Amino acid sequence: MSPTNFPPPPLRTSNWPKTLGIITIIFGVLGICKAPMALVGLATNSALLKQMGMDGAVLEKFRGPVIMQGVTEAVVAVLLLVTGIMLLKRRRAARPLALAYGVVRILCVLGFLPGAYRMQQEIMTLTVNSQHVKFGRITNPKADPAEVPAADGAAAESGEIKAARERSEQRVRETTARIEGVTGSVMQSTAVAGVVGGGLFGLALPVFLLIWFMRRPVRTEVQGWA
């Protein structure tokens, strides 16, 4: 038997299209569910604020932006879902779809970050103000009994009672100011960390897809698909 009669060796196919296709389909389905999940989250935050004695209706002004963000991200997620299906089928259209998703998704994340930060700030401010009100009610700035002499109706003692009360109120104001400063800094840092962390998480997949599909070996392999 001549060497020319031997069958050609089987072609080796890479596994990354299947793996990446499954991942993108999962994220696409989750993204499509983003709009109803965002509304549920907004309603939950409003209910929690009301339970804490705060005005949950303040968050209602964010309902419109939240709906718009959810619908936009759901539409973009459909693009990601189609990309995953094309990857599983090893279709050449998967690459331009993935690149388009990467660009649009990055623009959406960067565009919605300011609104997310403002909503976080609003929630944090309401929480801090509520805690300050509760603190003021608990302390109930009155004169400490140890500093108030026994009142017998004399004018001099009445002046001492008033002075003691003013000293006690001043201490409460100073303590409240310190608590406001510390709490405000913590809340500010928490809001910034939450928004930055959410932004990085939202940018991870689109940035990866852009880098991956711009690689020359990947471009060459995709060109050979149907």
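The values are calculated or read from the model by the stated rules, or taken from the named source; none is laboratory data. All values reported here derive from a predicted model rather than from experimental measurement. All Cβ positions, glycine included, derive from the backbone under ideal geometry; neighbour counts span all protein chains shown.
Answer with yes or no whether Arg90 is at pLDDT 80 or above, outside any helix (DSSP H, G or I), surrounded by 14 or more Cβ atoms within 10 Å (Cβ to Cβ) and not aliphatic (A, V, I, L, M). Yes; evaluated as a whole, the condition is true for this residue. Within segment 66-95, no residue that is on the phi > 0 side of the Ramachandran plot and β-branched (Val, Ile, Thr) sits with its Cβ atom under 9 Å from a residue that is assigned to a loop (DSSP other than H, G, I, E, B) and crowded, with 17+ Cβ neighbours inside 10 Å at 6+ positions apart or across chains. In segment 201-226, the residues that are farther than 21 Å from Leu113 by Cα form Cβ pairs under 9 Å with partners that are among the hydroxyl-bearing types (Ser, Thr, Tyr) and at pLDDT below 95, at six or more places apart or across chains, as follows: Glu221/Ser14.
Under the condition of being at pLDDT below 70 and in a helix (DSSP H, G or I), the residues counted in segment 1-34 number 3. Inspect all residues belonging to segment 193-210 and state whether any of them is modelled with pLDDT under 90, more than 30 Å from Leu20 (Cα to Cα) and surrounded by 12 or more Cβ atoms within 10 Å (Cβ to Cβ). For segment 193-210, residues modelled with pLDDT under 90, more than 30 Å from Leu20 (Cα to Cα) and surrounded by 12 or more Cβ atoms within 10 Å (Cβ to Cβ): absent. Whenever a residue of segment 24-39 is within 24 Å of Leu210 (Cα to Cα), its partners that are modelled with pLDDT under 85, lying with C-beta atoms within less than 7 angstrom and at least six residues away or across chains, give the pairs Lys34/Gly70. Gly84 passes every criterion in (1) at pLDDT 95 or above; (2) more than 30 Å from Val218 (Cα to Cα) apart from (2).
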